[in-house]
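Worksheet for the structure shown next.
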Amino acid sequence: MKRLSYWTPRILAILYTLLIMMFSLDVFDGTSTLLDQLIGFLIHNIPVYVMVLVIALAWEKDFIGFIGFSLITVGLMVLSSAITLREGFGFNPASLLISLPGLLVSLLYGLSWYMHK
């Protein structure tokens, strides 16, 4: 059980990071120059860089993963809600697609930390 609680949050964190990275691929629309597209891709991936840093720091310290992914989840939820409200839309279910996996990863890191202390 300890191996499962150790590896599950790490694997799901990597998959969650890839999911967030997938959303940045929309910059390659073919209307901009390659340089503009690459710059846009790098800018859109700033949350991914933070996630990779948290995964690296949390590899041995589950508490860092718990706190880091909690903050990332709250930040992405606030950011996606602010953008949705600014554009004049109501609740956007895509916010859940972005935030719920992060909440799950955070809770799994917390469970792993609790089990291994």
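Descriptive notes on the structure:
- Subset of the stretch 14-62 (residues that are surrounded by fewer than 13 Cβ atoms within 10 Å (Cβ to Cβ), within 14 Å of Tyr109 (Cα to Cα) and of a type in the set (Gly, Ala, Ser)): Ala56
- Scanning the stretch 16-48 for residues that are within 23 Å of Ser99 (Cβ to Cβ), more than 17 Å from the chain's Cα centre (by Cα) and among the polar types (S, T, N, Q) returns no hits.
- Those residues of the stretch 1-21 which are among the aliphatic types (A, V, I, L, M) and under 30 Å from His44 (Cβ atoms), in sequence order: Ile11, Leu12, Ala13, Ile14, Leu15, Leu18, Leu19, Ile20, Met21
- For the stretch 85-102, the tally of residues that are surrounded by fewer than 16 Cβ atoms within 10 Å (Cβ to Cβ) and either part of a helix (DSSP H, G or I) or among the β-branched types (Val, Ile, Thr) (or both) stands at 6.
- Pick from the stretch 3-13, criterion touching a residue at least 40 places away in the same chain (Cβ under 8 Å) and over 15 Å from Val48 (Cα atoms), ranking: surrounded by the most Cβ atoms within 10 Å (Cβ to Cβ): Pro9
- Qualifying residues in the stretch 76-111 (those that are polar (S, T, N, Q) and under 25 Å from Leu57 (Cα atoms)) - the one modelled with the lowest pLDDT: Ser99
- Residues of the stretch 82-112 satisfying the condition of being among the polar types (S, T, N, Q) and under 15 Å from the mean Cα position of the chain (by Cα): Ser95, Ser99, Ser106
- Flag for Tyr114 being surrounded by fewer than 13 Cβ atoms within 10 Å (Cβ to Cβ) and at pLDDT 85 or above: yes
The values are calculated or read from the model by the stated rules, or taken from the named source; none is laboratory data. Source: prediction; values computed, not measured. Note: ideal-geometry Cβ built from the backbone for every residue, glycine included; neighbour counts use all protein chains shown.
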